[in-house]
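The values are calculated or read from the model by the stated rules, or taken from the named source; none is laboratory data. Computed from a predicted structure; not experimentally measured. Here the Cβ positions follow ideal geometry from the backbone for every residue, glycine too, while neighbour counts run over all protein chains shown.
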Ligand SMILES: [Zn+2]
């Protein structure tokens, strides 16, 4: 663990991004069908070069090849959206993305009672890329879109157990009604949580045109970097959707790992197709542990 912590400090200090200007407004929030999309056949690509450039690892910690990474035991990564009680107006299709507060409490308690340690993307990355150890019962908690209830309802439960998580922010919505303010995002970052990117307005990366790389990736990263004072290196695909062709451009823009949903990882790019499961509001603590073990 000491080795792990030392590496994380090293990594956070050294990373550099080269990005441009700032974000703006206008919002879309739709959510596609989640886990069913099959991944296309994949072209060969060099998994390691850009990763090495972003984090110059000590010579003894070489980034492993894709096959080695795929062979490591997966760490369960949980994906949350809204944490609040259901309203009558919440549709049947919306409810999987809304975890009632009591259920979230039960889920976090079950993780703690079962001996799980919540690790952060830096630790997960170091484990997958270089084999640095993680606790035997490690889990990663991830929160998408930047809903304010993740802070108001979710954070107190994380704090109860000393859990940290990663918050993937859709920057267009910062400061708007139900979303986090910049101050809340900074405060999460200052408290040791990780801030990641979830694009500007939740555009499906499979539909990116040239200008989207600036609007959806470069500017949001720049803005989040200015808020947190830290590099933005982790990305969550909107709707969990991706295609192999977007991975190199993401790496070029500083993303050392990216998170999808539950389909199989890309055989050449496992660090940019890390699996997550959406935790529905219908699971109690016991069901969470059971389903988590089954999926990972
Ligand atoms: Zn999202």
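General remarks:
- Residues within segment 225-265 that are within 15 Å of the ligand (Cβ to nearest atom) and assigned to a helix (DSSP H, G or I), tallied: 3
- Hits in segment 194-204 - residues which are more than 13 Å from residue 232 (Cβ to Cβ) and touching a strand residue (DSSP E or B) at 6+ places or on another chain (Cβ under 9 Å): 202
- Residue match in segment 197-213 (condition: closer than 28 Å to residue 138 by Cα, at pLDDT 95 or above and in a helix (DSSP H, G or I)): no
- For segment 109-124, a tally of residues being assigned to a loop (DSSP other than H, G, I, E, B) and touching a strand residue (DSSP E or B) at 6+ places or on another chain (Cβ under 7 Å) returns 3.
- Enumeration of residues in segment 134-172 that are in a loop (DSSP other than H, G, I, E, B) and away from the ligand (no atom under 16 Å from the Cβ): 134, 135, 136, 137, 162, 163, 164
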